[in-house]
1. So if each residue of separation counts as 0.36 nm, and I subtract the Cα-Cα distance between D117 and K58, what length gain in nm does that give?
2. Compare C60, C19 by solvent-accessible area with a 1.4 Å probe and give them largest first, with all protein chains kept in place.
3. Mind listing which trypsin sites (Lys or Arg not before Pro) in segment 39-85 are in a DSSP loop and have 14 or fewer other Cβ atoms within 10 Å?
4. If you count only protein heavy atoms with a 1.4 Å probe, what accessible area per residue comes out for the chain, rounded to a whole Å²?
5. With the full set of protein chains in place, find how many percent of the accessible area of the chain is carbon and sulfur; take the probe as 1.4 Å.
6. I need the P(r) histogram for the chain: all alpha carbon pairs, bin width 5 Å from 0 out to the longest distance, whole percents.
7. Under a Cβ-only charge scheme (Lys and Arg +1, Asp and Glu -1), can you give me the dipole magnitude of the chain about the Cα centre, in debye to the nearest 20?
8. For the pair C6/E80, report the inter-label distance in nm, with labels modelled 7 Å from Cα in the Cβ direction.
Amino acid sequence: MKCGFCNNPLASLDTMCDCGQDPNAGALLHHRYQLLGLVGQGGMGMIYRALDQANQNKLCAIKISRWSEALQQLRQLEPEAAKAEEQQRIEREFKLLQKAASQSTHIVQVFDSFHVDPRLGLFYP
């Protein structure tokens, strides 16, 4: 994988490039969501600020999953098994979040389904 700004090789998705830029900022996901910059990250994912170009450049958040990496390290799963379990977990999380958001105004609204980006993996806005 390479930095989106200078094309230098990167060790992992959450590695900052030597050029000082977030290597994922500026990336366009699903021909719709332009990543602006990292808001935060944890062991299971990263949250990015993004513009929804299909919705008048509305500001939104994108969650990028890192379950697969964690499952490979913690439970020593094979990559394909980890990706399958990650997909199941994200589907469950996505459905629960949609249901909760429909019942409360205090929970972030989910307005699109989850997708897979070849470079970053599973994500949803």
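The values are calculated or read from the model by the stated rules, or taken from the named source; none is laboratory data. Computed from a prediction, not measured in an experiment: that's the story for all the values here. Methodologically, a virtual Cβ is constructed for each residue, glycine included, from the backbone with ideal geometry; neighbour enumeration extends over all protein chains shown. Quick note on the areas: whole protein, heavy atoms, side chains included, nothing else; ligands and nucleic acids left out. Shrake-Rupley method; radii C 1.70, N 1.55, O 1.52, S 1.80 Å.
1. Taking D117 through K58 to full extension adds about 19.2 nm, to one decimal.
2. From most exposed to least exposed: C19, C60.
3. R75
4. 61 Å²
5. The C+S portion of the solvent-accessible surface of the chain is 51 percent.
6. Distribution as computed: 2, 11, 19, 22, 21, 15, 8, 3, 1, 0 percent.
7. I would put it at about 320 debye.
8. Placing both labels 7 Å along Cα→Cβ, they lie 3.8 nm apart.
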